[in-house]
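Working notes for the structure below.
The values are calculated or read from the model by the stated rules, or taken from the named source; none is laboratory data. Because the structure is a prediction, the values reported are computed rather than measured. As a convention, Cβ positions derive from the backbone with ideal geometry for all residues, glycine included, and neighbour counts pool all protein chains shown. Side chains included, ligands, DNA and RNA excluded: accessible areas come from the protein's heavy atoms. Shrake-Rupley method; radii C 1.70, N 1.55, O 1.52, S 1.80 Å.
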Amino acid sequence: MPRFSLVLVAVSLTLGVITPCVGEPAALADEGRQIYRTAIRSDGSSLRALVQNDVPLPPSAAACVNCHRRSGYGISEGGSRSRNLTAPALFEPTTKPPIRPAYDDQTLIRAIVAGIAADGSELHANMPRYELSARDAEALTAYLRTLGANPAPGVSASELTIATVIAKGAPAAERDAVETVLQRFVELKNAQIRQESERAAASDRQYYGRSWQRAFRNWSLQVWTLTGPTSTWREQLESYQTARRPFAIVSGTAGPDWSQVHDFCEANEVPCLLPLSRSPKSNDADFYSLYYSTGALLEARVTANHIAHAGIPSDVKILVVHEDNDASRAALGAFQDELEKHEFRNASAIQVSGRKLSSRKWRALVRSEQPDVLVAWLPVSSISTLGGRSIDELSIPQHVYTANAFSDWLAADVQQGVLSKRIRHVYPYSLPREGLVQFPREQVWLKHQGLADLDPVSASKALYACRVLGMGLADIQSTFSREYLLESLEHALDGTQLTSVFPRTSLGPNQRILSRGAYVVGLAQIQDGVFAIPEWIQP
Amino acid sequence: MSSVSVIALLCFGSASASEPPAADPHAAHRKMMSAPDTKIEHVAYDVPDISLFDSSGRAAHLRDVFATDRPVIVNFIFSTCTTICPVLTSTTLQLQQQLTDDAVQPNYVSISIDPDYDSSDVLREYARRYGADWTFLTGPPDDVMNTLRAFDAYRGNKVNHFALTLMRSGNAEQWTRVEGLTSAQKLARIWRDTSL
C-alpha cells in the first residue's frame, strides 16, 4: 500500500502542530471547506491523491465532496459506499455495525493519509489516500467539525416550514394554480400525518414505527408574494426569510424572470424545487435550485437542431421575429450558438413591439427579408395573421417554426389552411391526445380534488413539485439536511417516469434540469388525435 | 492517544482485529454489500446493429467499433458521476500508460449511460478534463439503452450503475468481463491474459 510522506504528518503530530482544538477560527474552516469541495488549497495548489493503490486522481475527482457529498452524509452508488462524515457521526462512536470508536483529530488525519480507520482496520481501496500538509490537516479538521453540526432551518420538533414564491406580475393562471394546489396538498398532507403518527405509535414493528414517528412533521406553508419591480425582490425575499425560515421553497411562479429567486436560494442555501418559471436562470452548476427545463432556451436549441437536420443547405436565410424581452434575447443567443455548431451562419433577428402583428406588417416583412426559414417567437394572435388573406400563400416561407414558450397554440383556435400545414411547433410536454387526459398522474388528483378548472400544465407542475418534496422527505426521514434532500432527489428522480407532464425526464448527481428535450410537431397534429409520434429532439 | 503511539501506528501500520463477529441481524446484508471486489467472467456478446455518436458528433457504427479483429477495452461511465466513474477513467489512463510498450494496443472505448445529459459536446469536455484520447460514445436514449442491454450493462436507473470493464483481444470469441474497481496493474495483467 503506498504511503505518502507520513513522516511529515507524524512529526507534526509529535510537535503538537495538530492539536485538538475547541472553536477553530472560521477562516480555517473556510479553507477546509474549499479543500473538501475542490481538493484545491487557498494558494491554488491541488492535493495529490492515489486511489485503488496505484491510480492518481485529478483534483476534480479527488475532492471529498464527490463521494461524501456536500451534505457530508455520503452516498451508495456504483457499488461504492462512502460513509457519513458529518460531525455528529464522525466524532462519536458508532452504535450500529461496523462498530468503531469516535474519530479524534489524530485518527482522522491518519484515516485520510494512511487509510486506517478509527478501529485500526484498513479503509477500502475506493477511499483515496491523500498527501496532506499540516495546514491542510488543520483546515480540513476544522471544517469537518462544522459539517452537518447545526440543525437545518425550518424544522422544529413538530413542524416543517415550506415556502412558495408567487410574483404578482406572473400570469394569473400560474399564480392560481400554484397557490390552490399547494394549499390543498399541504392540507391533505397534514390530515394524513396525524393518522400515520397514531398508526406508527401503535405499531408492533417498533423499529419501523419509531423511525417514521421521529420523521413526521406537520407541514406549514408560507406564501411569499413578490410585488413591484424585480430589483426589489431580493430584499422582499430576505425579509420573508427573516420572519420565518423555510426548510425548502417549493414550486412558485415569477413569470419570465426567476433569477432573483434563484440567486437568493443559492446565497441562502435553500432548496428551490421545481418552480413553474418559464425561462429560469437555470443551469446544472448551481446546487440548490432544481428546474423542470431551461424553457425557452431548450426550445430555441431544439429549433436550431431541427433546422440543421432538415436537409436544407446551411446558407439558407433564417429570420427570427421576437418581442422585446430578456427571455427572447436569451433564446436568440442559444439559437444562434446551436446553429453555429452545425455551421448555419445566416441567421438574423427582428424585434417587434408587443402589439399584434397585422397581415400587412407580415407581408412587408416577408417581402423585404425574404427568409427561407421563419422562426416566429410571438403570441399566437400575431402569428395567425401570417396566414391572413393579404399574404400570398407562396410568400409564406416554406419553413416556419414556433415555440411553446412564446406561443400557446393549445389555448388558441387554430384555423386550418396553409399556415398550420407549414408551422413546426416546438412542444416540450407529453402530447395531448384525442379522448385522453393529457397528464394522467396529476390530473386524476386534480379532478378528485375538484380542481380540474385550473390550468392543467401549471397545476400539474405545482402538484408534482409537492410530490417531489414528499418523496424526498420520505427518503431522508429524520436526517433534516437541505443538501441531503437535494442529493437524495438526484437519485430518486432519475429514470423512473414519475411525472406525466414530460415524456422523458432524468436526473443525476450534480444535475438540476429534469427534462432536456422537446417534440417538433406539425401544428395540425396538436389539434387532432395524434397517431404518429412526432420527432423528439434532445440537443 | 500519545504522539509516540500515533507515529508507531503510522509508520508500522496496524493489525486489524479479527474476532468472531458478534450477533448481527444485518450480517447477510452486509456480506452482500462487501462482496469480493472484482468478479471476472468470460462471456460472448452479440454486438448490436446500432450506430451511436462519438465525442465529435460523428456516427459510430458499433459493428465497426467492435469489429472482430479489433482488440478493445470498454467501460461505461457518465459525466456527472462523481463516485466510481472518475476512478474508472483515471484507472483506464493508468492502464493505457502501463500497456504503452505492448506489441498489441487495445482500442479504448467509453460508453455513456446517461445519454440525456451526455451529449457529444459534454463527453468531449469530460475527455479533455482527464486527458483521455480514446473513443467516447453517446446517442439517442433508446439506442444507448439497447447497447447497454447487449453488453449486460443495463441496470435501470443510473443510481444502480456499477464498475464494468469489458476486454476482448482481436479475433477472440469471448469477452473478459471484469466487474468492480481494481488497480491498473491488475487490469493490465487481466488484459495480457486475454491476449494469450
Quick shape check on the stretch A:132-266: root eigenvalues a ≥ b ≥ c of the Cα gyration tensor, a/c under 1.5 is rounded, otherwise prolate if a/b tops b/c, else oblate, and it reads oblate
Each label point is 7 Å from the Cα along the Cα-to-Cβ direction; what then is the distance between the points at B:Asp49 and B:Arg128, in nm?
-> 3.7
In whole Hz, the Karplus estimates of ³J(HN,Hα) for the stretch A:40-45 (6.51, -1.76, 1.60; θ = phi - 60°; x where Gly or Pro) are 10, 7, 5, 8, x, 7
With the Cα gyration tensor of the stretch A:356-462 in hand, convert its eigenvalues to equivalent ellipsoid semi-axes via √(5λ) and list them largest first in whole Å.
-> 34, 12, 12
Spacing of the two label points (7 Å from each Cα toward its C-beta) at A:Leu394 and A:Arg199, in nm = 7.2
Residue by residue through the stretch A:96-111, which ³J(HN,Hα) values in whole Hz follow from phi under the Karplus form 6.51 cos²θ - 1.76 cosθ + 1.60 (θ = phi - 60°), with glycine and proline marked x?
-> 10, x, x, 6, 8, x, 5, 6, 10, 4, 6, 5, 5, 5, 4, 5
Sequence of A:Thr141, A:Thr242, B:Thr100 from largest to smallest accessible area, 1.4 Å probe = A:Thr242, B:Thr100, A:Thr141
Any idea how far the Cα center of the stretch B:151-179 sits from the one of the stretch A:157-176, in Å?
-> 47
Accessible area per residue of the stretch A:315-465 at 1.4 Å probe, in Å²?
-> 49
For chains A and B, what's the summed buried accessible area, probe 1.4 Å, to the nearest 100 square angstrom?
-> 3700
What pairs in A:Lys168/A:Lys447; A:Lys356/A:Lys461; A:Lys341/A:Lys421; A:Lys317/A:Lys356; A:Lys168/A:Lys461; A:Lys317/A:Lys361 have C-alpha atoms more than 21 Å from each other?
-> A:Lys168/A:Lys447; A:Lys356/A:Lys461; A:Lys341/A:Lys421; A:Lys317/A:Lys356
A:Asp408/A:Arg48 FRET efficiency (R0 60 Å; Cβ-Cβ; nearest 0.05) = 0.60
Please work out the FRET efficiency for the pair B:Asn157 and A:Glu266, using the Cβ-Cβ distance as r and a Förster radius of 30 Å; give the result to the nearest 0.05.
-> 0.65
Reciprocal of mean inverse Cα separation for the stretch B:77-165 (Kirkwood radius, Å) | 13.7
Dividing the Cα radius of gyration by the Kirkwood radius, what Rg/Rh value follows for the stretch A:261-343?
-> 1.08
For the protein assembly as shown, give the share of DSSP beta bridges that are antiparallel, in percent and rounded to the nearest 5; count only bridges with both residues there.
-> 45
Helix A:359-369 versus the longest principal axis of chain A: what angle, 0 to 90°, nearest 10, using Cα atoms?
-> 70
Hey, what's the per residue convex hull volume over the C-alpha atoms of the stretch A:382-539, in cubic angstrom?
-> 137
Per the C-alpha gyration tensor (a ≥ b ≥ c, the square roots of its eigenvalues), the stretch A:29-68 is rounded if a/c is under 1.5, else prolate if a/b beats b/c, else oblate; here it's oblate
Accessible-area loss of at least 50 Å² in the complex relative to the chain alone (1.4 Å probe) applies, within the stretch A:89-120, to A:Pro97, A:Arg110
Roughly how many Å is it from the Cα centre of the stretch A:109-142 to that of the stretch A:402-451, as a whole number?
-> 56
Between the stretch A:329-401 and the stretch A:288-303, what's the alpha-carbon centroid distance in Å?
-> 21
Treating the Cα atoms of the stretch B:44-122 as identical point scatterers in vacuum, please give the log10 of the normalised Debye intensity I(q)/I(0) at q = 0.12, 0.15, 0.18 Å⁻¹, two decimals.
-> -0.40, -0.63, -0.89
The answer for the net charge of residues other than A:Leu226 whose Cβ lies under 15 angstrom from its Cβ, with Lys and Arg +1 and Asp and Glu -1, is -3
Interchain or sequence-distant (5+) residues whose placed amide H lies within less than 5 Å of the amide H of A:Leu160 are A:Asn218, A:Trp219, A:Ser220
Under a point-charge model restricted to the Cβ atoms of Lys and Arg (+1) and Asp and Glu (-1), what is the dipole moment magnitude of the stretch A:468-529 relative to its Cα centre, in debye to the nearest 20?
-> 140
Rounded to 0.05, the calculated FRET efficiency for the beta carbons of A:Ser239 and B:Asn171 at R₀ = 51 Å is 0.10
To one decimal place, what orientation-averaged projected area in nm² is obtained for the convex hull of the Cα set of the stretch A:107-162?
-> 6.1
If the label point is 7 Å along Cα→Cβ of A:Arg81, which residues in the stretch A:123-145 have backbone nitrogen under 18 Å from it?
-> A:123-128
What are the residues whose amide H is under 5 Å from the amide H of A:Ser500, where those residues sit 5 or more places off or on another chain and H is modelled from the backbone?
-> A:Arg441, A:Glu442
Dipole magnitude of the stretch A:228-374 about its Cα centre, charges +1 at Lys/Arg Cβ and -1 at Asp/Glu Cβ only, in debye to the nearest 20?
-> 780
If you count, for each residue, the other Cβ atoms within 10 Å and average over each peptide, how do A:100-110, B:82-92 line up from highest to lowest?
-> B:82-92, A:100-110
Is the stretch A:450-539 rounded, prolate or oblate when judged by the Cα gyration tensor, a ≥ b ≥ c being the square roots of its eigenvalues, rounded requiring a/c under 1.5 and prolate requiring a/b larger than b/c?
-> oblate
Name the lysines eligible as straight-distance cross-link partners of B:Lys186: C-alpha to C-alpha under 25 Å, and not fewer than 8 places from it in the same chain.
-> B:Lys31, B:Lys39
Relative to the Cα centre, what is the charge dipole magnitude of the protein assembly as shown, using +1 at the beta carbon of each Lys and Arg, -1 at the beta carbon of each Asp and Glu, and rounding to the nearest 20 debye?
-> 840
How big is the equivalent ellipsoid of chain A along its three axes, where each semi-axis is √(5λ) from the Cα gyration tensor, reported in whole Å from largest to smallest?
-> 50, 29, 20
Carbon/sulfur fraction of accessible area - the protein assembly as shown, other protein chains in place, 1.4 Å, % | 50
